Amino acid sequence: MTPSPRLPLIAGLPLAVGAGLAIPVQGRINGALGARLNDGIAAAVVSFSTGLVLMVLISLILPRGRAGLARILPAVRTRAFPRVYVLAGGIGALFVFAQSFTVGILGVALFTVATVTGQTVSGLLVDRLGIGPAGKKSVTGIRIIGCLLTIAAVAWAVSPRFTGSSGMASAGAGPDGGAEALLVPLLLPVAAGFLMSFQQAMNGTATVHYGTPIAATLVNFVAGSAVLWAAYAIKVSVAGWGNPLPPDWWYYAGGPMGCVFIGLGALLVRSLGVLVTGLGMIAGQLLGSLALDVVLPTPGTVVAPATVLGTILTLAAIILATLPWPRGALRR
């Protein structure tokens, strides 16, 4: 095992933001594919399968990928880390399924707030427990305030979409609709966001022992694809086949986007910790969503001052939570 050197915060945080830029692109693609197929499970299967093919090619072509492949089985056999960590890809499968299944019901706004809330809360918990390779990190008052500000800022940034064609207004439009109708669909992205921090911690630990995030990302896609294909087989046996696959190439780009943020997340948690890595990705997610809404708007898209100001406040909250404040700074 030859662990890579730790990245300083000034270098690692921009990489986390860059990784987060891929998340809204993947969400837009998977949501569109789910609507085209009228099948959220099928869209998730397509996304993970394309990502798996890409990671197999990368692992076989690159020297570091081949070296990582050779370390996977020895690391698992010697219990260099808990074997359950190889199932972290199942969490990624849940997240992609939540994207494909609930964005059309909740809208982008509610989905984003739900996942960010779950991820931010669990980021504090995972760092406190020391599950990731960065070890235990204290839950300080500054970090709690930064997390709460992040959730509030994200809610503010996406608030213009609540009254648009997506979000709460459309989700409860039926005669029997309302907040109760949103409860079950809303719990899915909250749970997916909550578990994402555990996935990043598991991937980061595995990366240390594999020697490269390429191997950890490949194992993620193997486990996630297995879970999703099993779920899809059950769905087909019960409800039959859905719509045929579309010919447009861009519907199949969601998997490569997943390779980007899973791989970078696995690399960065060792240096930044789970919470800071997650907060950086949240910032990238908002910046990417804003860029998509400006460059490639969908019907009903709203780019309001609250969207821009909420994104800026999110960046400020993340800086507040990540700076190395001295002990007792909150009291002073």
Around ARG77, with a cut-off of 15 angstrom between Cβ atoms, what is the net charge of the other residues, counting Lys and Arg +1 and Asp and Glu -1?
-> +3
Shape call, the stretch 35-142: gyration tensor on alpha carbons, a/c limit 1.5 | oblate
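What's the ranking of 183-192, 217-226, 289-298, 146-155 by average number of surrounding C-beta atoms within 10 Å, highest first? Spell out each step's value before the answer.
Details: 183-192: 18.2, 217-226: 25.6, 289-298: 14.5, 146-155: 21.1.
Packing proxy ranking, top to bottom: 217-226, 146-155, 183-192, 289-298.
In Å², what does the accessible area per residue of the chain work out to with a 1.4 Å probe? Walk me through the numbers on the way to the answer.
Values: 14700 Å² over 332 residues.
Here the residues of the chain average 44 Å² of exposed surface.
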Heavy-atom accessible area of the chain with neighbours in place, 1.4 angstrom probe: carbon+sulfur share in percent works out to 73 percent
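Under a Cβ-only charge scheme (Lys and Arg +1, Asp and Glu -1), can you give me the dipole magnitude of the chain about the Cα centre, in debye to the nearest 20?
Values: 19 positive and 6 negative charges, 285 e Å.
With only Lys, Arg, Asp and Glu charged at Cβ, the dipole is about 1380 debye.
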Computed on Cα atoms only, the convex hull of the chain has an orientation-averaged projected area in nm² of 17.9 nm²
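Starting from the residue with the highest accessible area, list PHE194, PHE97 in decreasing order, probe 1.4 Å.
Numbers: PHE194 70, PHE97 50 Å².
Ranked from most to least accessible, the order is PHE194, PHE97.
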The answer for trypsin sites (Lys or Arg not before Pro) in the stretch 17-84 that fall in a DSSP coil and have at most 15 neighbouring Cβ atoms within 10 Å is ARG79
On a C-alpha basis, how far is the centre of the stretch 220-268 from the centre of the stretch 58-72 in Å? Whole number, if you could?
-> 22 Å
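Could you state the orientation-averaged shadow area of the convex hull built on the Cα atoms of the stretch 189-332, in nm² to one decimal? Working shown, then result.
Working: hull surface 51.3 nm².
That works out to 12.8 nm², a quarter of the Cα hull's surface.
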Please state the relative contact order of the chain as a whole percent: Cα pairs under 8 Å, 6+ residues apart?
-> 38 percent
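Once every DSSP H run of n ≥ 4 in the chain is given -39500 (n - 2.57) and the sum is divided by its residues, what mean residue ellipticity at 222 nm do you get, rounded to the nearest 500 deg cm²/dmol? Intermediate values should be presented prior to the final figure.
Details: 12 runs with 246 residues, N = 332.
Helices in the chain give a 222 nm mean residue ellipticity of -25500 deg cm²/dmol.
Provide, as a two-decimal number, the C-alpha radius of gyration of the stretch 13-87 over 2.2 N^0.38 Å, N being how many residues it has.
Values: Rg = 16.3 Å, N = 75, 2.2 N^0.38 = 11.3 Å.
Dividing the Cα Rg of the stretch 13-87 by 2.2 N^0.38 Å gives 1.44.
If each residue of separation counts as 0.36 nm, what is the full-extension length gain between VAL303 and ILE144 once their alpha-carbon separation is subtracted? Could you put the intermediate results ahead of the total?
Details: separation 159, 0.36 × 159 = 57.24 nm, distance 2.91 nm.
My answer for the length gained is 54.3 nm.
The values are calculated or read from the model by the stated rules, or taken from the named source; none is laboratory data. Note that the structure is a prediction, hence the values are computed from the model and not measured. Heads up, the Cβs are rebuilt from the backbone with ideal geometry, glycines too, and the neighbour counts pull from every protein chain shown. Please note that ligands, DNA and RNA were not included when accessible areas were found on the heavy atoms of the full protein model with its side chains. Shrake-Rupley method; radii C 1.70, N 1.55, O 1.52, S 1.80 Å.
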